[in-house]
Amino acid sequence: MQSRLRTLMLCGVVVWAGCAAPNPEGVVGEEPAAKERPAADSAEEVRQDWAIVVHGGAGTPPRDMSDERRQGYEQALLGAVAAGEEHLAAGGTAVDAVELMVVLLEDDERFNAGKGAVFTHDAVHELDAAVMDGSDRSCGAVAGVKTVRNPIRLARLVMDRSPHVFLIGEGAEQFATEMEVERVENSWFDTEGRRKSLERALASEKEEKHGTVGAVALDTHGNLAAATSTGGLTNKRFGRVGDVPVIGAGTYADNACCGISGTGKGEQFIRHTVARSIAARVQFEGLSIDEAARRVFAEHLDDGDGGVIMIDRAGRIGMHYNTGGMYRAWADASGTRGVAIWEQE
Ligand code: ASP
């Protein structure tokens, strides 16, 4: 319990830094966690023009990771943020920005989404994704797709071009054909690292790596959006689907409160409707996103379950996790930007 609290407190420092003066190194100052921050309503007048936060999964990133490897992750996350920033600064929408950023992370094989997705028990890939537009709570999700290069694009099409919100398996593939999205052989998603992970999992060695990707944005029109994409869990069976495409569990956005993308143990996020529970506490209890996340994690999740990235309607950025680390990067219109994997020193 003590280590969890410590992680959360330190994480709170990062969040506050994201709302304070520009801090290029992402290094943080005084710990303000004891003082509850104002809810979005009371800070409307200081609303950021735009804000972005992305994640590349929560888990136990090895502390002895080589500099080259760490920099590779950081550049990938910052590259996605830069693309989102360019889009938002030009007046683009939050929902386009989160889709764009997630496509970039799906195409990067470091992450467990799109290319580089984990293997199922049967040594194939089954991908899940969801997007939500906070301006009208429209949303789209897909689960168990096997040949769609960028599942987040298909989720977006479910939202925009179908009367439904959630398509799975064969039906989702059929919809992909009708929408003429880019298709690939299932083996196109293969990577050596993920195959080894499956081998270790099959040999019953503990396999704790994550790498789901997600993005949340607030645009200059005041609209929030969230998107998440994943290969799920290594060695998953029986058509298992996690929280990512379940609206309210791993993905949620509503202009009334905040946008959220989660990563971690999907079953836990579904059981406790983590994203919507945080959003509801912001909306109905007037809590800040940080405090709402802290309470939901403390009351419902176990140490090591995962993390969330969040933006409230004033453009404040929150990042909260109870794992060893969470790959993440952020930026806003005031010039604040940063990237981090572990808690800040
Ligand atoms: N939440 C994802 C799932 O359960 C996995 C992850 O975030 O690593 O499918």
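Worth a mention:
- For Ile168, nonlocal amide neighbours, meaning residues 5 or more places apart or on other chains whose placed amide H falls under 5 Å from its own, are Ala143.
- Nearest-ten-degree value, helix 289-300 long axis tilted from longest Cα axis of the chain: 60 degrees
- Estimated FRET transfer efficiency (Glu199, Ser138; beta-carbon r; R0 45 Å; 0.05): 0.65
- Arg161 sits with roughly 150 Å² accessible to a 1.4 Å probe, with DNA, RNA and ligands left out of the calculation.
- Intensity falloff of the range 161-224 expressed as log10 I(q)/I(0), Debye formula with alpha-carbon point scatterers, at q = 0.14, 0.27 Å⁻¹: -0.80, -1.11
- For the range 237-345, alpha-carbon Rg and Dmax in angstrom: 13.6, 47
- For the range 110-262, the fraction of alpha-carbon pairs in successive 5 Å shells from zero, as %: 2, 11, 20, 21, 18, 14, 8, 4, 2, 0, 0
- Cα-Cα P(r), the range 282-323, percent of pairs per 10 Å interval: 29, 55, 16
- Principal-axis tilt of helix 67-89 within the chain, Cα atoms, nearest 10 degrees: 70 degrees
- Built amide H within the under 5 Å cut-off of Asp254, gap 5+: Gly259
- Highest average packing first - 260-268, 77-85, 332-340, Cβ atoms within 10 Å: 260-268, 77-85, 332-340
- The chain: angle of helix 274-285 to the longest principal axis, Cα-based, in degrees nearest 10: 30 degrees
- Calculated on alpha-carbon atoms, Rg and Dmax of the range 299-345 in Å: 12.1, 35
- Using the alpha-carbon positions of the chain, Rg (one decimal) and Dmax (whole number) come out as 18.2, 56 Å.
- Phi-derived couplings, Karplus 6.51 cos²θ - 1.76 cosθ + 1.60 at θ = phi - 60°, listed residue by residue for the range 112-125: 7, 6, x, 4, x, 5, 5, 8, 7, 4, 8, 6, 10, 10 Hz, with x used for Gly and Pro.
- Ratio Rg/Rh [Cα only; Rh per Kirkwood] for the range 67-165: 1.01
- Placed amide H near Asn235: partners under 5 Å, 5+ positions off or other chain: Phe119, Thr120, His121
- The string of couplings for the range 258-271 from the Karplus curve (6.51, -1.76, 1.60, θ = phi - 60°) is 5, x, 9, 10, x, 7, x, 6, x, 4, 5, 5, 6, 3 Hz, one whole number per residue in order, with x for Gly and Pro.
The values are calculated or read from the model by the stated rules, or taken from the named source; none is laboratory data. None of the values given here were measured: they were computed from a predicted structure. Please note: Cβ atoms are built from the backbone with ideal geometry, for glycine as well, and neighbour counts cover all protein chains shown. Note: accessible area is taken over every heavy atom of the protein model, side chains too, but ligands, DNA and RNA are not part of it. Shrake-Rupley method; radii C 1.70, N 1.55, O 1.52, S 1.80 Å.
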